[in-house]
Structures are given as C-alpha cells and as structure tokens.
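Below is one structure, written out as structure tokens; comments come after it.
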Amino acid sequence: MRKLRPEIVHILSSVSSFDYLYVKLIQTLGALVVYTVHTPYDAKWSRWQHRVNRLLYRTVDLTVVHSASSFPRLAGYYRVERAKIVEVPHPSHYPLAASRMLPQAAAKASLGLPVGAQTILSFGKITPRKRLDLAIAAHARLCGERTDTYLIIAGEPQTDVAPFLDQMKRLNTSGRTILEFGRIPFDRMCVYFSAADVVALPYEGAYQSGVMQWAYAFARPVVVAGVGGLQESVAADRTGLIARKDDAGDLAQALRVLLGDARLAREMGSRALHVAQTKYGWAVVSEKLDSAYRGRLGRAPGV
C-alpha cells in the first residue's frame, strides 16, 4: 500500500469476518475502498453477522452490487446512503469459455450418456440455499414421463450430501444422474456446460449468480427460481424460464418446456450468449466501474 499508493482499493469479495478492520486500515493509509457485495442479506445470518455487515457497508466508500434487488436491503435494512451504492453487471465468463466450448454430442459422449440424452445441469457449490432437492425432485417427475432425461450434479459440497443421495435412491433416479462431488477442474466444468441442454438454478434466494454467467457463456438456457437478481436478469434478457420458488412441480414444468422445444431452447441460448458478449461483457463492466471510480474521486472521464 505505502509503495503503490493506490487511490482506490476494490475488494471484489469478502476476505474474512474481519473485512471491516481491513477496510479501516486501507482507509487509514489514504485510499478509498470500493467493496462488491454479492449477497447483501440472508435471513439465516445471526444478529451479530447483520451488525458486522451494517458497520462494514456503511464504512466503505462505495458499494458495488450486481442487481437492483440489492438496493432495498442495503439502503433500507442497513441504511447505506443510496449515493454510495452502484449497480454494475456481473461480468461475463465468455472470454474463458470461448475457446473451451465442445460440440455438445462429443461432450455428452465423453460422459457416457446415450445418443439422444437430454441433460439438466446443476453446477456449483452445494449449499442449502441452492435447493438441490428441488432439482432432484423435478428430475424425478421428468424421468416418470420419458427415458432420455439425465441430471448432472457437479460441485463442491458445503453441506451434507447424504439426504440428496437418499432422495435419489428413494425416487429411483440414481441411474439417471451423473454425480461429481468436489472442486471441479476447469476443463471438466467445460465438459459439463457443453453437454447441458439446460442449466437449473432453483435457488431459494440469490442476488446474482456466477453459475448463470457460465451458462450464458456456453449459450445454454436457464431455469431459475423467481427470486432476486436471477429473475431480474432472466426476465430482462429472455434467456430462460422462471419457476415459482420452492415449487418442484413448477420447476419440472419449466424444464419440460425447454427440453421439449429445441427451437425455443436454442433461441434462449443464443440470447444468453449475446448478452454474455455485450451487456455482461468486460468492456461494459469496465466502463461502469471506471465511471464509478471517477465519481468517488470527483474526476471527469478521461482525467
């Protein structure tokens, strides 16, 4: 810090529960602090966590969020000045995905899937709020109707997966499910997204999602729960379908529509790829961040 003497330090995600102390130290050394808040509020957080967050969010010089649904929580619940909150799109992963996209048939074959298999992907850290149980239940309904539907579950467990395994066994879908628990290597992740026909995100609460940006980068349509920034993005971008929160039946119906209408799925996937390259592209994100930085520094563009 003393050597580089930055005017702004941007903390892109939480470092630890001591973020407030880091922020104060950085400010003491003369820099402004910009802080990206990915999840501004969770009802399951302790009262202590909410107090720490309130102190942190009101101390930083500028807060970056990825969806309009974050504003009421920060400005209302945590009483952050609205002038200190700026919405910047979640940046696209397309530059990383562009050269790693595989032909879908080849990706499916590499996973041992039969010709004609239709695949639903649930990817990312496995946590209670991701509601993997809903994806499993929805998949089971589809398995009762057709023999070509497969569910891919890949991600690092942050909770006990035994209930999910029991659920699949009880619903008799284990043989139609591909499982990989753990940290997924990048090349393997690219295989999963290339093989997917649709990506399912039935989260119980989310303000934005890096997994959704991976789906966009691989031109895959999504089915999301009607919550927060997920439904904001999908409704605005027309890149998938929105299912009712906590409703496995409605999730199954949305998946049924996309798996049964190849043309609609392709159109939504094409729009996903387009917004990954434009609306969420790094040129747009960089410009918005640059404008936000200059605003806090009181500088005009180009200065």
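As a summary of the residue check, residue 292 satisfies the conditions (1) outside the structural domain of residue 83 (by TED's automatic domain parsing); (2) buried (at least 17 other Cβ atoms within 10 Å of the Cβ); (3) not acidic (Asp, Glu) except for the one numbered (1).
Applying the criterion of at least 2 residues that are surrounded by fewer than 18 Cβ atoms within 10 Å (Cβ to Cβ) and of a type in the set (Lys, Arg) to the helices (runs of 4 or more DSSP H) found wholly in region 16-130 leaves 47-59.
Scan the helices (runs of 4 or more DSSP H) fully inside region 220-303 and keep the ones with 1 or more residues being more than 20 Å from the chain's Cα centre (by Cα), within 26 Å of residue 64 (Cα to Cα) and not hydroxyl-bearing (Ser, Thr, Tyr). Break it down into steps so the answer makes sense when it comes.
On the way: elements: 228-237, 248-260, 262-277, 282-297.
Those helices (runs of 4 or more DSSP H) span 282-297.
Just to be sure before I move on: is residue 2 in a helix (DSSP H, G or I) and more than 23 Å from residue 279 (Cβ to Cβ) in the structure I sent? Spell out how you get there, then give the answer.
Details: in a helix (DSSP H, G or I): no; more than 23 Å from residue 279 (Cβ to Cβ): yes.
Here the answer is no, as residue 2 does not meet what is asked.
Among the residues of region 191-240, not one is of a type in the set (Lys, Arg) and under 18 Å from residue 40 (Cα atoms).
Scoring residue 203 on the criteria (1) of a type in the set (Phe, Trp, Tyr); (2) in a helix (DSSP H, G or I); (3) touching a strand residue (DSSP E or B) at 6+ places or on another chain (Cβ under 6 Å) leaves a single failure, condition (2). Scanning region 258-293 for residues that are farther than 16 Å from residue 237 by Cα and not hydrophobic (A, V, I, L, M, F, W, C) gives 260, 261, 263, 286, 287, 288, 290, 291, 293.
The values are calculated or read from the model by the stated rules, or taken from the named source; none is laboratory data. As the structure is a computational prediction, the values presented were derived from the model and not from experiment. Using ideal geometry, Cβ is built from the backbone for each residue, glycine included, and neighbour counts are taken over all protein chains shown.
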